[in-house]
1. If R₀ is 45 angstrom, what is the calculated FRET efficiency for the pair Lys92 and Ile218, using the beta carbon separation as r and rounding to 0.05?
2. Looking at the chain, identify the longest residue range that excludes and avoids all GluC sites (Glu not before Pro) in DSSP loops having at most 15 other Cβ atoms within 10 Å.
3. Between Lys193 and Ser230, what is 0.36 nm times their sequence separation minus the Cα-Cα distance? Round to one decimal in nm.
4. Rule-of-thumb check for the stretch 47-149: C-alpha Rg over 2.2 N^0.38 Å?
5. What length, rounded to one decimal in nm, is gained on full extension from Gln115 through to Tyr243, with 0.36 nm per residue of separation minus their alpha-carbon distance?
6. Assuming 1.567 mPa s and 4 °C, estimate D for the stretch 107-264 with Stokes-Einstein, Rh taken as the Kirkwood radius over Cα pairs, in µm²/s.
7. In terms of modelled amide H atoms, which long-range or inter-chain residues lie less than 5 Å from the amide H of Lys99?
8. Just for the Cα atoms in the chain, what are the lengths along the principal axes, largest first, rounded to whole Å?
Amino acid sequence: MPRATKVFLILYTIVLLLITIHWFSPFYLLNFDQENSLPQLTDEKDVVILSEKNFSHVVANNRYVMVDFCAPWSYYSQQLAPEYALAARQLKGKVMLAKVNAYEERGLKRKYRAQGHPNVYFFAGGVKMDSYTNARKRDAIVKWTKTKIALGVYTITSIEQAEQLLMAQFTTVLAFMDSVQGQDSEELAAASKMNTDVLFYQTTAVDVAKAFQFDQEIKIPALILLEKESQHLSHFYGPFTKYAIANFVSVNKLPPESDDHIDY
Ligand SMILES: *[C@@H]1O[C@H](CO)[C@@H](O)[C@H](O)[C@H]1NC(C)=O
């Protein structure tokens, strides 16, 4: 046999062997986590489990929370779980990724109208803001969530959200506006960037404004600050500009030390 043919046959056999090994390899069945190339078994240690008895407390005390209302038997929930767990690891320290067994927690499921599985919600300052409906992939979840936490101002449209805001354990600003777009909204967003420890919301809904003691003859745009520790509500009467708002917020966001705190 010529030498070249021998070499070819040996190489051919090796290639066939490698293909066979790869084909029957158990690792072939696992996804690889590209970041550290470990097989991606579902390690959910960064996903917080929530139930009826601790849901409200946890959501009201953590600035940003995602909640996956899942059903363990559902194909889509199973598909989401490992990706969600990876996203939780990546977003750790910025956003809490939590899950509720919607099959067991019927009360929560009803309250948050989580009909499908999975049903993933984003909460900012304890207020349910948005649903996640994009791809069930880690990267897509992380990207979407980052755009949500980068929003300076959250828009409240329902009395249900207003109630959640009242329960939240954060110092918050709420602006009552004609429109959630335009100059006033931009000034508000700019002011929010100067006070990142305070959560900013805006609304155009009259019933929401009433729930926060904006009276009927109020001049729009109007703004209040709710200081959580002392439960103090301050009204803003300055010009609706970013500096005036930011200054009002920084002066009033701390619990007043005495009675002579400044109300603008
Ligand atoms: C909430 O309660 C459930 C059980 O009722 C428990 O498994 C879970 O760890 C609790 N979560 C938190 C954050 O305390």
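Rule-based calculations on the coordinates, nothing more; no lab input. What you are looking at is a predicted structure, and each value in this text was computed from that prediction instead of being measured. All Cβ positions, glycine included, derive from the backbone under ideal geometry; neighbour counts span all protein chains shown.
1. Working: r = 42 Å, r/R0 = 0.93.
Efficiency, rounded to the nearest 0.05: 0.60.
2. Details: sites that count: Glu35, Glu52, Glu104, Glu217, Glu229, Glu257.
Free of exposed loop sites, the longest segment is 105-216.
3. Residue separation times 0.36 nm, minus the Cα-Cα distance, leaves 10.9 nm.
4. 0.95
5. Once the chain is fully extended between Gln115 and Tyr243, it gains 41.7 nm.
6. Using the Kirkwood radius from Cα pairs, D works out to 78 µm²/s.
7. Sorted by chain and number, the residues that satisfy this are Val48, Ile49, Leu50, Asp68.
8. That works out to 101, 42, 34 Å along the principal axes.
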